Amino acid sequence: MAESHQRQLVDCSDPAYRNGKKALEAAEKAYQWTKGPGELSALAAAHAELGQFDKAIEWQPKASDSVPTQFKNAYRARLKQYQEQKPYRF
């Protein structure tokens, strides 16, 4: 549930619901508990939402490296977005 709420703070198509600062706080807390690919990717997405694309580009490959094979293309696509200075949108 926490991951779902954090995702809405970052990737919602409606800007009224996005909040990069709160998303980063939630992602950092989640990462403290579970250092999985979802948490790594959430950190990257939150940084991108805040315009911190250098940090997003730092976190997203770590997520891509640890995600199961069937998700690698999606995670790499997100990295490409960050390299193009674009935040993640669902």
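Read the figures in this text as sums done on the coordinates, not as results from a lab. For clarity, every value in this text was computed on a predicted model and none was experimentally measured. Reconstructed Cβ throughout: ideal geometry from the backbone, glycine too, with neighbour counts over all protein chains shown.
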Take every Cα pair under 8 Å in segment 2-83 that's 6+ residues apart, average their separations, divide by the length, and report that relative contact order as a whole percent. 24 percent
Can you work out the Karplus-derived ³J(HN,Hα) for every residue in segment 50-65? Use 6.51 cos²θ - 1.76 cosθ + 1.60 with θ = phi - 60°, whole Hz, and x for glycine or proline. 7, x, 9, 5, 4, 6, 4, 5, 6, 7, 4, x, 5, 5, 4, 5
Could you order the peptides 52-62, 75-85 from most to least packed, using the average number of other C-beta atoms within 10 Å per residue? 52-62, 75-85
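Kindly state, to the nearest 0.05, the FRET efficiency for Gln32 paired with Glu58, given R0 = 25 Å and r defined as their beta-carbon distance. Show your work: numbers first, answer last.
Details: r = 18 Å, r/R0 = 0.71.
It comes to 0.90.
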Where nothing but the Cβ of Lys and Arg (+1) and of Asp and Glu (-1) is charged, how large is the charge dipole of segment 2-83 around its Cα centre, in debye to the nearest 20? 140 debye
Subtract the Cα-Cα distance of Lys86 and Thr69 from 0.36 nm times their separation in residues, and report this length gain in nm to one decimal. 3.7 nm
